[in-house]
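What follows is one structure encoded as structure tokens, with my remarks underneath.
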Amino acid sequence: MTGWTAADVPAQHGRTVLITGATSGLGAEATRVLAGAGARVVMACRDPDAGRAVAERIGGLTEVRRLDLADLSSVRAFAEALDGHVDVLINNAGVLAVPKGTTADGFERHIGTNHLGPFALTGLLVDQVRDRVVTVSSGLHVLGRIRADLNWERRPYQRWLAYGQSKLANLLFAYELQRRLAAAGRRTVSVAAHPGVTATEGQRRDRSLQGRIVAGGRAQSPQMGVLPLLYAAVAPGVRGGDYVGPDGPRHRNGYPTLVRSSRAARDPALAARLWERSEHLTGVRYAIGPG
């Protein structure tokens, strides 16, 4: 995959890709590339007006639908209204190092928006996804620990550690989903990707010294940062359980390559416990059929 770019994206005519968080940054860039390659792109957006503005600029076969991952009622309504199959689901939307707060369902905002919302969405759509589920994590998952106090109710809140916990949860989910898909005999695969340090809206908002230290180095463009996501979503030869990130120093920038996650991310017992708790918190229980 040396030097793989958007020009290497295979033709996507006749395929449907669902992308969450498609109004800006990586989501908007992935929409532009995949729609340009011929895919029908369902843009799942918290703000449909912003989504339609992006769709008009991009052109191609796009469809804007409202989805707020921080509200499980919105996730359920979205899933119920989505007819037909999806070839690729890209769980891209999320929040980055935001102040302490809760989602509509009372979850800490990072774990609720970045993990529990996508967990519920994927569970509700799992039998409609034919090819791949791509979950976007971060190199900062190494900061994360999955605590009993998942919602930061009994410990001092630290926004970067809360973010890291949610990104570790993304990887645990992606790997456990792959194990369950394989056990059910499904051809659908679960993979993960991270964009390195990329100039997204979330990183532009965080100009604190702590944010600059944690991010580390100059941010690359969304056109570069989206490449690992695109590779995970459409490149031939991607296997279930792959984790794709940039090939540069410390995997902070560069072209797509397979990268290794932390030991905690690869702990199947931890993944199973988080899965059980996520089903309990969201009320979404996976029933993965064969196919």
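Here, each number is a calculation from the coordinates, and none is a lab measurement. The shown structure was predicted, so the numbers you read here are calculated from the model rather than taken from an experiment. Neighbour counts are summed over all protein chains in view; Cβ atoms, including those assigned to glycine, are modelled from backbone coordinates with ideal geometry.
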Distant-in-sequence amide H partners of T257 (H built 1.01 Å from N, under 5 Å): G245, D247
Over the chain, relative contact order from alpha-carbon pairs under 8 Å, at least 6 apart, %: 19
Projected-area mean, segment 10-282, by convex hull of Cα positions, square nanometres: 13.1
Counting DSSP beta bridges with both ends in the chain, the antiparallel % (nearest 5): 15
Segment 1-156: translational diffusion in µm²/s, Stokes-Einstein, Kirkwood Rh over Cα pairs, 20 °C, 1.002 mPa s: 131
Computed FRET value (nearest 0.05) for A81 with R250, which takes r as the C-beta separation and R₀ as 35 Å: 0.25
222 nm mean residue ellipticity, helices alone, for the chain (DSSP H n ≥ 4; -39,500 (n - 2.57); rounded to 500): -11000 deg cm²/dmol
